[in-house]
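Step one of this worksheet: look at the structure below.
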Amino acid sequence: MKKDIKSILIVGGGSSGWMTAAAIVTNLPHMQVTLVESPNVPTIGVGESTLGHINEYMQFIGLEDKDWMKHCNATYKTSIRFTDFREKNEKPNTFHYPFGVFDLTDKERGTMDWFYMQLEDQSIPPENFAEFYHDHVIMANQLKFTKNEDHVIRGFNFKFDTAYHMDAALFGQYLKNNICIPEGVKHIVDDVTGVIQNEDDYVTGVTTATNGVLKADLYIDCTGFKSMLLEGAMGAEFVSFHDTLMNDSAIATVIPYLDKDKEMSSVTNCTGIDAGWVWNIPLWNRIGTGYVYSSKFATEEEAEEQLRRHLASNRMVVQNADRAEKAEFRHIKIKHGVHTHAWEKNVVGIGLANGFIEPLESTGLMLTH
C-alpha cells in the first residue's frame with residue numbers, strides 16, 4: 001500500500017506531539033495536520049534540560065530565543081556538571097561535560113598538554129580537564145554567562161553551543177498556541193479508544209470517545225511509554241535496555257529558589273547518591289529536581305528518604321531542611337529501550353513512544369527533535 005501523503009494525524013500531545021506538529025506545519029504548509037490528545041492522560045513533563053542540538057530544531061521552525069524563552073521559564077545552559085561521580089568526600093567532587101569545542105590555540109600538543117602537566121604536578125585533579133580547554137566552564141563556575149559576540153571566549157559559539165533549561169510542558173503549549181494552531185493544525189481533545197487496520201495491517205483510522213473515527217494517510221504516535229500505535233497496533237518489537245541500564249525508576253519534584261542569585265546557573269548538575277543520581281535544573285521561576293535510581297537497590301520509600309536527605313545536604317548551593325521536607329514527590333517508572341523500527345508501514349513513533357535512554361545526558365528532548 002503506497003500512496004501520496006496528504007494528511008497526518010498525530011496521536012498524543014505533550015512536548016513530542018507539539019514539537020512534531022510545529023516541525024511539519026512550518027516546513028510542509030500544504031499538509032493537512034491534525035493532533036488529537038486526551039484530556040485525561042497527563043504528560044510526564046520532566047524533560048527540562050536540552051543539548052546544543054536543539055538549536056537546529058529551533059532554526060528549523062524559525063524560533064528565536066526572544067520569542068519563546070520568557071513564556072517557558074527558560075534559562076541558558078552551557079554544560080552538564082557531574083558531582084560525586086568519581087568519588088565522594090566531605091567536599092563535592094565535580095567535573096564538567098561542556099558544550100563547544102576544545103580551545104587548542106595555545107596548546108602545543110593539543111589535549112596531551114594537560115596530561116603531561118598532570119604528570120608533572122600530581123596535585124592537579126582530573127576534574128580540571130574541562131576548565132583547561134573551555135574558558136566558559138570557568139565562567140559557569142562563577143555564575144557568569146556570555147553571548148560571546150566579540151568572540152573573546154575561544155571554542156564557544158553561542159548560536160550552537162548554548163542549550164536551554166525549559167519547562168517542557170509550557171514549551172509544548174507555546175508551540176501549540178503560537179505556531180501550530182495559527183498555521184492550521186486541527187486540534188482535537190478526545191480519548192483515542194482504538195486503532196483500525198486493514199488486511200495489510202496499515203492503520204486506516206483511530207476511534208475516539210466523542211469524535212468518531214479520525215483518518216489520515218500517516219499516523220504519528222506520540223502516546224508516550226504506552227506506544228499505542230507503534231507497539232500496540234503495529235506490534236513493533238521493543239528492545240529493552242533493562243539489563244544494561246539499571247536505573248529504572250525516578251522521583252520528580254520542584255522546589256522554590258531561596259537565593260536566586262546563588263542558585264541559578266547555566267549548568268545542569270547531576271549528583272551521584274545512594275542508588276542513582278539526582279538532577280538539578282535551574283529554570284527562571286523554580287528549580288526542577290529529582291532522583292533517577294535503580295529499584296534493585298532502593299524501594300520507593302527508601303528513594304524518597306535518600307532524595308530528601310540530599311536536598312537538605314551541602315551538595316545543594318543553599319542548604320535548607322524545611323525546603324527538602326516540603327517537597328512533593330511524583331514517582332515515574334522508566335521504560336528504557338527502543339523499538340527495532342521507528343517507522344512501521346504508515347505509523348511513526350516519536351519521543352517516548354519510540355524509545356528512551358536513561359536521561360543522564362539530557363537525551364529525551366534531543367531524541368524527539
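The values are calculated or read from the model by the stated rules, or taken from the named source; none is laboratory data. The model shown is predicted, which means the values in this text are computed figures rather than measured ones. Cβ sites come from the backbone with ideal geometry, for glycine too, and all protein chains shown count toward neighbours. Calculation scope for accessible area: heavy atoms of the full protein, side chains included, ligands and nucleic acids excluded. Shrake-Rupley method; radii C 1.70, N 1.55, O 1.52, S 1.80 Å.
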Condition met for residue 263 (open to solvent by 40 Å² or more (accessible area, probe 1.4 Å) and out of contact with any Cys (no Cβ under 6 Å at 6 or more places or on another chain)): no
Of all residues in the stretch 279-296 being out of contact with any Gly (no Cβ under 8 Å at 6 or more places or on another chain) and over 25 Å from residue 266 (Cβ atoms), the one that is most open to solvent (accessible area, probe 1.4 Å): 296
Among the residues listed as 338, 347, the single one being over 19 Å from residue 270 (Cα atoms), open to solvent by less than 40 Å² (accessible area, probe 1.4 Å) and of a type in the set (Val, Ile, Thr): 347
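Yes or no, residue by residue, for (1) out of contact with any strand residue (DSSP E or B) (no Cβ under 8 Å at 6 or more places or on another chain); (2) within 27 Å of residue 249 (Cα to Cα); (3) of a type in the set (S, T, N, Q):
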{"position": "21", "(1), (2), (3)": "no, no, no"}
{"position": "30", "(1), (2), (3)": "yes, no, no"}
{"position": "39", "(1), (2), (3)": "no, yes, no"}
{"position": "77", "(1), (2), (3)": "no, yes, no"}
Selection status of residue 320, open to solvent by less than 60 Å² (accessible area, probe 1.4 Å) and over 25 Å from residue 234 (Cα atoms): yes
Among the residues listed as 268, 289, the single one being of a type outside the set (A, V, I, L, M, F, W, C) and free of Cβ contacts under 8 Å to residues at least 60 places away in the same chain: 289
In the stretch 233-254, the residues that are out of contact with any His (no Cβ under 9 Å at 6 or more places or on another chain), under 30 Å from residue 272 (Cα atoms) and open to solvent by less than 50 Å² (accessible area, probe 1.4 Å): 253
Segments classed as helices (runs of 4 or more DSSP H), wholly inside the stretch 256-369, with at least 2 members that are in contact with a helix residue (DSSP H, G or I) (Cβ under 9 Å, 6 or more places away or on another chain): 300-311, 321-326, 364-368
Qualifying residue in the stretch 293-308 (condition: under 15 Å from residue 82 (Cα atoms) and at pLDDT 95 or above): no
Residue in the stretch 101-121 that is within 32 Å of the chain's Cα centre (by Cα), under 17 Å from residue 77 (Cα atoms) and not aliphatic (A, V, I, L, M) present: no
Residues (free of Cβ contacts under 8 Å to residues at least 40 places away in the same chain and farther than 17 Å from residue 265 by Cα) located in the stretch 307-321: 308, 309, 310, 312, 313, 321
